[in-house]
Amino acid sequence: MELELRHLKTIRAIADAGSLTRAAVVLGVAQPALSAQLKRIERALGGELFERGRHGVRTTALGELVLERTRIVLPAVSELQREAARFARTRPDGDRPRSRLRLGGTHGPLLGALVDRLADAAPATTVTTCASWSERELAKLLTEDSLDFVLTGACGLAPPPEPPESPRVRWEEIAVDPVFVMLADGHRLARGREVELTALADEEWSCVPGDGCFADCFTAACARSGFTPRRMYETDTASCVHLVQVGRAIGLCRATFPPTPGLTIRPIAGTPLSWRHLLGWLPTGQRPDTAAIVLAQAREAHANAAARSGSYAHWLAQRHPAADAVPRPAADAVPRPAADAVPRPAPDLRPHPTADSMTRGSAARGSITRGQGVG
């Protein structure tokens, strides 16, 4: 027998009543039937929940454990029912369900910036997020219909992450960034406009985990410069920043990494490493206009992040002196509206009717394996 919600209510009623007879009256069942049901519940849970006596019942240690859980589960289910009823009564636009978008993304400022822009563009849409260091994990969640869009990336010209034998994911390039280095403000190379990789041969390094080819590409770039990295600390973004600030390591980051106290961001001479920002979705699960809007907002989020980076702006000015904005690839497959041309009233960003599974929690799990740049 599988435990059901009604069984938890029965256990709670028996404990509150203090006897099977009184509980049977409260529940509106015959006492023998209640006794038989309790025995089935106890067999399912693996032990007695109550000690029977002349004066009623007393909970056992197992019974106390189960009762403690019922004090959490039963109110939570009741609240869920109330919220669902309120939602059904107050959903916007008459009978149309409330819009929602489930976004997944790797670490970095673009996911938060995209959420912020979507909140302005479509205030009636509920946006939830799922963060992970693993590009492959996010792609898997996308193909499992646990996410609507994934904001991730790939090193250089590497192919987008996609689980084998999975539904075909549509990947669109948002932008391509050079990989920069983070230095402590007091570092000997912080005053220059760019840093030669060979000048960092004796340094230790920090980056966040990843499961793409970034670690191999970085090692190869160092080998071409005539050295092997001494040590690589792979950890979360905040810890990477701390290691750089205290002078323990040099950090690898994308050019859009935001200005941070104690850090100086500098390009690597020759741009040996680059990062492609990608947006992925399942065409069978999204409306074309929804994909176009999310893609446009992601590109604007990247452009704004690049504009806030002084080192990136200078790097771009050196290579594109006539440009006044970050170069972005053309959306040849998905039409990209102008930044100020988001449909009004707020666009309908509802997923395709088949995309209705519950949002997954944080996907950041598993061992640290392959590094990638911060931010």
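The values are calculated or read from the model by the stated rules, or taken from the named source; none is laboratory data. Predicted, not measured: the structure shown is a model, and the values here were computed from it. Counting neighbours? That spans all protein chains shown, and the Cβs are built from the backbone with ideal geometry, glycine included. Note: accessible area is taken over every heavy atom of the protein model, side chains too, but ligands, DNA and RNA are not part of it. Shrake-Rupley method; radii C 1.70, N 1.55, O 1.52, S 1.80 Å.
One residue is enough: does the stretch 50-59 have a residue meeting the conditions modelled with pLDDT under 90, open to solvent by less than 70 Å² (accessible area, probe 1.4 Å) and part of a helix (DSSP H, G or I)? Within the stretch 50-59 (the criterion being modelled with pLDDT under 90, open to solvent by less than 70 Å² (accessible area, probe 1.4 Å) and part of a helix (DSSP H, G or I)), the answer is no, since none of the residues qualifies. Can you give me the number of residues within the stretch 241-258 that are touching a helix residue (DSSP H, G or I) at 6+ places or on another chain (Cβ under 7 Å), of a type outside the set (Val, Ile, Thr) and in a loop (DSSP other than H, G, I, E, B)? So the count comes out to 3.
Filtering the stretch 267-320 to residues that are in a loop (DSSP other than H, G, I, E, B) and more than 20 Å from LEU197 (Cα to Cα) leaves LEU282, GLN286, ARG287, ARG308, SER309, HIS320.
Answer yes or no: is there a residue in the stretch 198-212 that is touching a strand residue (DSSP E or B) at 6+ places or on another chain (Cβ under 7 Å), assigned to a loop (DSSP other than H, G, I, E, B) and within 27 Å of GLY105 (Cα to Cα). Yes, the conditions are met somewhere in the stretch 198-212.
Residue selection: PRO178 fails the criterion of being more than 18 Å from GLN286 (Cα to Cα), in contact with an Asp or Glu (Cβ under 6 Å, 6 or more places away or on another chain) and touching a residue at least 24 places away in the same chain (Cβ under 8 Å). Looking at PRO167, PRO159, just one residue is out of contact with any helix residue (DSSP H, G or I) (no Cβ under 8 Å at 6 or more places or on another chain), in a loop (DSSP other than H, G, I, E, B) and either at pLDDT below 90 or open to solvent by less than 10 Å² (accessible area, probe 1.4 Å) (or both), and that residue is PRO159.
Yes/no matrix, rows are residues, columns are (1) of a type in the set (D, E, K, R); (2) surrounded by fewer than 18 Cβ atoms within 10 Å (Cβ to Cβ); (3) over 20 Å from the mean Cα position of the chain (by Cα):
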| residue | (1), (2), (3) |
| --- | --- |
| THR126 | no, yes, no |
| ASP177 | yes, no, yes |
| GLY192 | no, yes, yes |
| GLU204 | yes, yes, yes |
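Which of the following residues is over 29 Å from the mean Cα position of the chain (by Cα) and modelled with pLDDT under 90: ARG96, ARG89?
ARG89
Out of GLY63, GLY46, one residue alone is exposed (fewer than 11 other Cβ atoms within 10 Å of the Cβ) and in contact (Cβ under 8 Å) with a residue 12 or more places away in the chain. It is GLY46. Count of the stretch 247-265 residues, restricted to those that are among the charged types (D, E, K, R) and at pLDDT below 95, is 1.
Counting only residues that are in contact with a helix residue (DSSP H, G or I) (Cβ under 7 Å, 6 or more places away or on another chain) and surrounded by 19 or more Cβ atoms within 10 Å (Cβ to Cβ), the stretch 267-291 holds 8 of them. Determine whether the stretch 223-240 contains at least one residue that is assigned to a strand (DSSP E or B) and more than 30 Å from ALA139 (Cα to Cα). No, the stretch 223-240 contains no residue that is assigned to a strand (DSSP E or B) and more than 30 Å from ALA139 (Cα to Cα).
Taking VAL115 as the residue in question, decide whether it is more than 27 Å from ALA255 (Cβ to Cβ) and either modelled with pLDDT under 85 or out of contact with any Phe, Trp or Tyr (no Cβ under 7 Å at 6 or more places or on another chain) (or both). Answer is no for this residue. Say whether the condition of being buried (at least 23 other Cβ atoms within 10 Å of the Cβ) and part of a helix (DSSP H, G or I) is met by at least one residue in the stretch 106-114. Yes - at least one qualifying residue is present in the stretch 106-114.
Before we move on, is THR264 open to solvent by 10 Å² or more (accessible area, probe 1.4 Å), part of a strand (DSSP E or B) and within 24 Å of PHE218 (Cα to Cα)? Criteria met by THR264.
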